[in-house]
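Scroll down for the structure; my scribbles are underneath it.
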Amino acid sequence: MNDDKVKAAQMAVELIPNQAIVGLGSGSTASIFIDLLAKRANEEAMDITCVATSVQTSQLALGFGLKVVDIDAVDRIDVTVDGADEVDGQLNGIKGGGAALLFEKIVASNSTKNIWVVDSSKQHLNLGSYRLPVEVVKFGVHHVYNYLKTRDLKPVYRQQEDGNYLTTDSGNYIIDVDITGQKDLPQLAKDLKELTGVVEHGLFIDVCDVLLVGNTGQAIYKDQL
Ligand SMILES: O=C[C@H](O)[C@H](O)[C@H](O)COP(=O)(O)O
C-alpha cells in the first residue's frame with residue numbers, strides 16, 4: 001500500500017463530522033479512505049451515511065459495514081472524499097482514470113464540500129500529463145471518436161485486458177484524449193459537453209475545495225489560494 005495515499009486518507013477521515021452524509025470516491029486512494037472511515041465510525045460509534053460513486057465503491061463500503069444509500073435518497077451530500085489523477089495549482093483536476101468520472105461528478109456536484117486525497121505525484125502546474133477521459137454513449141461512438149481526432153485530441157478507446165472496449169457503470173465507453181497544447185480548458189470542457197454522444201468528461205474545474213497531499217501533509221484550501 002502506498003504510504004502517501006494512506007496519509008492523505010487519514011487526514012481526510014479526521015475531517016468527517018459525526019452524522020455526516022459522506023460521498024465516497026472511487027480508486028485506490030478513496031478505497032483506503034473508505035477502509036479508515038469504516039474503522040473510525042465503528043470505534044467512535046459514529047452515525048455516517050454514505051453515497052457511492054461506483055459499483056465497486058458501493059460494494060467495498062458495504063463490505064466494511066458502512067451504510068450506503070442511493071444518491072436520490074438524500075437531499076444533499078455534506079462532504080465527498082475522492083482521489084484524482086492530476087491536480088493543478090488552482091485545484092482543478094483530471095479524474096476518471098478508474099472510469100468512474102460520471103458518478104463522481106454527479107456526487108461532487110451535489111456535495112457541499114469536496115475533499116481530494118492525493119500523493120504529490122498527482123500535482124502539476126498545468127493539467128495535461130494525464131490523458132483526459134471522455135465518457136461516450138455506445139451508439140455512434142466512432143463518430144465522436146472521429147470528431148475528437150479532427151480537434152487534434154489524439155483519441156484512444158479505453159480497452160480492458162481482453163482487448164474489448166471498457167464499459168462504464170452506466171454502460172458507456174471511455175475515450176481518452178490528449179489535452180497537452182489546449183490553452184483554454186474551461187472552453188474545452190464546454191465544447192466536450194456540447195458534443196452529442198458525450199455524457200461527461202473528466203475535467204473537474206472549480207470542484208475541489210480542499211486538497212490533502214499525503215507525502216507533504218499539506219492541506220490546500222481553494223478559498224485561500
Ligand atoms: O475514475 C476514477 C477516479 O477518478 C479516481 O479518483 C482517480 O482515478 C484516482 O485514483 P487513484 O486514487 O487510484 O490514483
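The values are calculated or read from the model by the stated rules, or taken from the named source; none is laboratory data. Please read all numbers here as calculations on a predicted model, not as lab measurements. Don't worry about glycine lacking a Cβ; one is built from the backbone with ideal geometry, like all the others, and counts go over all protein chains shown.
For the stretch 182-225: of the residues being closer than 15 Å to Leu102 by Cβ and either without any contact (Cβ under 8 Å) to a residue 24 or more places away in the chain or polar (S, T, N, Q) (or both), which is surrounded by the fewest Cβ atoms within 10 Å (Cβ to Cβ)?
My answer is Lys193.
Restricting to the stretch 105-149, name every residue that is touching a residue at least 60 places away in the same chain (Cβ under 8 Å), of a type in the set (A, V, I, L, M, F, W, C) and part of a helix (DSSP H, G or I).
Across the stretch 105-149, the qualifying residues are Val107, Ala108.
Give the residue that is farthest from the ligand (Cβ to nearest atom), with candidates limited to residues of the stretch 55-86 that are in contact (Cβ under 8 Å) with a residue 40 or more places away in the chain and β-branched (Val, Ile, Thr).
Looking at the filtered set, the residue picked out is Val74.
What number of residues within the stretch 3-52 are in contact with a Gly (Cβ under 8 Å, 6 or more places away or on another chain) and not small (Gly, Ala, Ser)?
11
So, Ser120, is that one farther than 18 Å from Leu203 by Cα, at pLDDT 95 or above, of a type outside the set (A, V, I, L, M, F, W, C) and surrounded by fewer than 21 Cβ atoms within 10 Å (Cβ to Cβ) or not?
Spelling it out, it is not the case that Ser120 is farther than 18 Å from Leu203 by Cα, at pLDDT 95 or above, of a type outside the set (A, V, I, L, M, F, W, C) and surrounded by fewer than 21 Cβ atoms within 10 Å (Cβ to Cβ).
Any idea which of Leu188, Leu225 is within 21 Å of Gly89 (Cα to Cα), modelled with pLDDT of 95 or more and among the aliphatic types (A, V, I, L, M)?
Leu188
Could you please give the count of residues in the stretch 1-45 that are closer than 13 Å to Phe64 by Cα, touching a residue at least 60 places away in the same chain (Cβ under 8 Å) and acidic (Asp, Glu)?
So the count comes out to 0.
In the stretch 92-111, which residues are more than 6 Å from the ligand (Cβ to nearest atom) and over 18 Å from Gln123 (Cβ atoms)?
Correct list: Leu102, Phe103, Lys105, Ile106, Val107, Ala108, Ser109, Asn110, Ser111.
Test Gly89 against the stated conditions and say whether it is touching a Ser or Thr at 6+ places or on another chain (Cβ under 9 Å), more than 11 Å from the ligand (Cβ to nearest atom) and more than 23 Å from Ile16 (Cβ to Cβ).
Numbers: touching a Ser or Thr at 6+ places or on another chain (Cβ under 9 Å): no; more than 11 Å from the ligand (Cβ to nearest atom): yes; more than 23 Å from Ile16 (Cβ to Cβ): yes.
No.
Condition first: within 13 Å of the chain's Cα centre (by Cα) and of a type in the set (A, V, I, L, M). Now tell me which residues in the stretch 111-133 satisfy that.
If the condition is that a residue be within 13 Å of the chain's Cα centre (by Cα) and of a type in the set (A, V, I, L, M), then Ile115, Val117, Val118, Leu132 are the ones that fit.
Residues of the stretch 1-54 being small (Gly, Ala, Ser), within 16 Å of the ligand (Cβ to nearest atom) and more than 14 Å from the chain's Cα centre (by Cα), which ones?
Correct list: Ala8, Ala9, Ala12.
Out of the residues in the stretch 131-147 that are in contact with a strand residue (DSSP E or B) (Cβ under 7 Å, 6 or more places away or on another chain) and surrounded by fewer than 22 Cβ atoms within 10 Å (Cβ to Cβ), which is nearest to Leu37 (Cα to Cα)?
Val137
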